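Working notes, structure below.
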Amino acid sequence: MTRGNSGSRSIDVSLLHRGFRRLGRLLEPLLAPDAAAQRERVERLIELARQQRDALKALGSLTATQASELQHLKQARSVEVAVTQERFTELRAGVRRQASALARLARRAGIESEFEIAEQRVLDRLDRLRRSGQPIVIGPWTGEIGFELLYWIPFVRWAVDKFQLPADRLTIVSRGGTAGWYSGIRAQYVDVFSLATPDEFRTRTAATKKQRFMGAYDRELLRRVRGRLGGGAVSLLHPAMMYALFMPFWKRQAPPSRVLDHVTYRKVDTLKPAGLPDLPRDYVAVRFYFSDCFPDTPANRDFVDRVVATISERADVVMLNPGFRVDDHVDWGAGMRARIHTVDMSGRPEENLAWQTAIIAGARAFVGTYGGFSYLAPMCGVHAIAFYSDRTYFTYHLELAQQAFAASGGGVLDAIDVASVEHLSDVIGRRVPAGR
């Protein structure tokens, strides 16, 4: 009974729904005139949504395919990148090796080019001096004796000859009466000690002896020289030109030809200056001073004392102490001893080197400290024996000096380490010629 009633109610509801739908369709034109258009619009929207869904499904499938292809490409590209990076690493290493080799070649070529440029600048400057027509001041030289003898004077001699600098335009400026050292150069001479005192000179030149540029004291001396010459304009052949040209040799970047191609060596003139006192007929010239390679120590003082005593047993000794200081070297004094003679030069700063040159030129031999001053004796044609205790000097200066002595027909220089001297009398006896 219950079941039957439930089935009847379900049928009645279904009939009722159909009835309402039919009634709605009948009333639709009256109640909703645009219902049909709305239904059509909804259907189109549903169809459009279905198409979009299908498109998204297709796009998703395409994206998955592209992602797969992209992954394959990425893997392939990774292999290519790895190979490329490896090749790049090898290439970079090769480039570094080539760059290093090229840098070495460039440095070598650059140094050579730099040397050539420096040389050409000096040559151009010398040519301008020749063409200037002005008086030419050579110097002022305020540096070391050794550099003046071995480098500066030979360079000036070469420059004057090569560029035919007229003698009537040349004025040499040095100190101590060294005009005779500039043999072969016809020029007037102005001595620095006629313009300044030795104390001023020593103080103003204490900082540096290497005239690699035109310093304040050089300018001051040049001003005084110009006043001596009349105050007009002058051209300058300054030591800085020589330093620029020879520096590669001193830095061991160029062979000795760097110097030898730009110098002319000659023996110095050894005329006896006026006022020089009479000297012994036969003597040995001696000058010991303390320096870096022969420091002031009790052992060195004792050695010098024994050297002078040994020489005085064979010949008279003439000491070359000038009696005043123009640099940091301190002279050793022999005191009052038999056969040892001193020459007072204290009142003759303008002539002290001229006097010492004349004394050396007339000596049987020269004995003293190894250094630039010891080059003077061979340049005068006199045998020199020079001692040192510390080998702080540059051997290339001595090697070049020996070539200079041979080229000029000069004497011989023996540089001896005091530590190698066992029997001083034998050393002196073998090297100091017998008395005349």
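Every read-out reported here was derived from the displayed coordinates using simple, explicitly stated rules and does not represent laboratory data. Source: prediction; values computed, not measured. Counting neighbours? That spans all protein chains shown, and the Cβs are built from the backbone with ideal geometry, glycine included.
Enumerate the amide H contacts of Y189 below 5 Å, restricted to partners 5 or more residues apart or on another chain; note that Pro and chain-start residues carry no placed amide H.
Correct list: I172.
Which chymotrypsin sites (Phe, Trp or Tyr not before Pro) in the stretch 172-248 pass both tests, a DSSP loop state and at most 15 other beta-carbon atoms within 10 Å?
Passing sites in the stretch 172-248 are F213.
Report the FRET efficiency, 1/(1 + (r/R0)^6), for L276 and I117, where r is their Cβ-Cβ distance and R0 is 60 Å, rounded to 0.05.
0.80
Please turn the phi angles of the stretch 197-205 into ³J(HN,Hα) values with the Karplus equation 6.51 cos²θ - 1.76 cosθ + 1.60 (θ = phi - 60°), one per residue in order, whole Hz, x for glycine and proline.
So the Karplus estimates, Gly and Pro as x, are 7, x, 5, 4, 4, 4, 5, 6, 10 Hz.
If you project the alpha carbons of the stretch 208-282 onto the principal axes, what extent comes out on each, in Å, largest first?
48, 39, 23
Would you mind getting me the FRET efficiency between R41 and H72? Use the beta-carbon distance for r and R0 = 35 Å, nearest 0.05.
0.15
Tell me which residues come under 5 Å, amide H to amide H, from E350 once H is placed; ignore anything under 5 positions away on its chain.
none
Each residue of the stretch 418-430 in order: what ³J(HN,Hα) in whole Hz does its phi give by Karplus 6.51 cos²θ - 1.76 cosθ + 1.60, θ = phi - 60°, with x for Gly and Pro?
With coefficients 6.51, -1.76 and 1.60, one gets 4, 5, 8, 8, 9, 10, 4, 5, 5, 4, 5, x, 6 Hz.
Stokes-Einstein at 25 °C, 0.890 mPa s, Kirkwood radius from Cα pairs: D for the stretch 283-431 in µm² s⁻¹?
Estimated via Stokes-Einstein, D reaches 158 µm²/s.
Over all Cα pairs of the stretch 364-403, how is the pair count split among 10 Å bins, expressed in % and running from 0 up to the last occupied bin?
For the stretch 364-403, the pair-distance distribution reads 29, 59, 13.
Through the Karplus equation 6.51 cos²θ - 1.76 cosθ + 1.60, θ set to phi - 60°, convert the phi angles of the stretch 177-194 into ³J(HN,Hα) values in whole Hz; use x for Gly and Pro.
Going residue by residue, I get x, 9, 4, x, 5, 8, 4, x, 10, 7, 7, 7, 10, 10, 8, 4, 6, 8 Hz, with x marking Gly and Pro.
Between D269 and A167, what is 0.36 nm times their sequence separation minus the Cα-Cα distance? Round to one decimal in nm.
Details: separation 102, 0.36 × 102 = 36.72 nm, distance 1.78 nm.
Extending this stretch completely gives an extra 34.9 nm.
Where does the stretch 135-273 land on Rg(C-alpha)/(2.2 N^0.38 Å)?
That works out to 1.02 for the stretch 135-273.
Which far-off residues, 5 or more places away or on another chain, put their amide H under 5 Å from the one on D316, with H placed in the peptide plane?
Under 5 Å from the amide H of D316 lie the amide H atoms of V284, each far enough along the sequence or on another chain.
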